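Scroll down for the structure; my scribbles are underneath it.
The values are calculated or read from the model by the stated rules, or taken from the named source; none is laboratory data. None of the values given here were measured: they were computed from a predicted structure. All Cβ positions, even for glycine, are placed from backbone atoms using ideal geometry, and neighbour counts span all protein chains on display.
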Amino acid sequence: MVDVFYSLVDLNKRFNQLVFDPLYIHHLDLTVKTSLVHNSPVDKQIFDQIRTKILPQLHCKVNKITVTSLSMEFIFNTIDYPQLHLLSLVNFQQETLLQYLTNDVIFCRILNDQITHLKVKIKGGIIVKLSNGNEWNLFTLILFFCKHLTDLTIHQLFDGRSVIDSTFDDCLYILNGHFECLSTLIIDVYKISDSSSNIDNTVSIGYYFILDN
């Protein structure tokens, strides 16, 4: 958690050594408590301190990052992470994730060049319907950028009033041989209906799990 991690920094020399020890900082968890007010001055102050005081000291050692949309803007546009290969995107609104996938060049470059393990928790459906009538498929965008995936997990989070508008064909598309590096795939879906198209799903994946809720 961000608040716990940040509270240890500069507490004293011993805690500093512990916080920045390579054995502990390989996973940078920047999730925040839900009780914190989104975009409050306190949140921004904490993340600004992390950006200026913490990240420059550990960015070369981090190989996994867990972020929410609140911490996202402070992370990838600040500094490089040459050892980063595992990424977890937690509780992203579908519109927010779309903005990063279509407008953030640095984030997309990291997805394309470095990420082998990706976990995504999306609030809402895979299909984003814009006010101008256009539609974007988040699933397609993720697959387009992530060229080196070996492990992919996608969760869709719904509030009970949402309608799932992605199809089983989206799952089959991953299994058609395009992703030679992919060895593990986990997809959490609500309902599986008949496929609407003929897809040559020549499976070369080692493990795949489709969880039907």
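Looking only at the stretch 92-123, which residues are in a strand (DSSP E or B) and crowded, with 16+ Cβ neighbours inside 10 Å?
Step one: filter the stretch 92-123 for residues in a strand (DSSP E or B), giving 92-93, 117-123.
Hits for the stretch 92-123 are F92, H117, L118, K119, V120, K121, I122, K123.
Quick one: which residue in I115, I46 is in contact with a strand residue (DSSP E or B) (Cβ under 8 Å, 6 or more places away or on another chain) and closer than 26 Å to L157 by Cβ? Break it down into steps so the answer makes sense when it comes.
Numbers: I46 fails: in contact with a strand residue (DSSP E or B) (Cβ under 8 Å, 6 or more places away or on another chain).
I115 is the lone residue from the list that is in contact with a strand residue (DSSP E or B) (Cβ under 8 Å, 6 or more places away or on another chain) and closer than 26 Å to L157 by Cβ.
Please specify each residue of the stretch 62-76 satisfying the condition of being part of a loop (DSSP other than H, G, I, E, B) and within 15 Å of the chain's Cα centre (by Cα).
Filtering the stretch 62-76 down to residues part of a loop (DSSP other than H, G, I, E, B) leaves 62-63, 68, 73-76.
Across the stretch 62-76, the qualifying residues are N63, T68, E73, F74, I75, F76.
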Note on L157: of the conditions (1) buried (at least 17 other Cβ atoms within 10 Å of the Cβ); (2) in contact with a strand residue (DSSP E or B) (Cβ under 9 Å, 6 or more places away or on another chain); (3) touching a residue at least 40 places away in the same chain (Cβ under 8 Å), unmet is (1)
Looking at (1) out of contact with any strand residue (DSSP E or B) (no Cβ under 7 Å at 6 or more places or on another chain); (2) outside the structural domain of N137 (by TED's automatic domain parsing); (3) not aromatic (F, W, Y), which is the only condition T68 fails? (1)
Just one of (1) buried (at least 18 other Cβ atoms within 10 Å of the Cβ); (2) free of Cβ contacts under 8 Å to residues at least 24 places away in the same chain trips up E73, so point out which. (1)
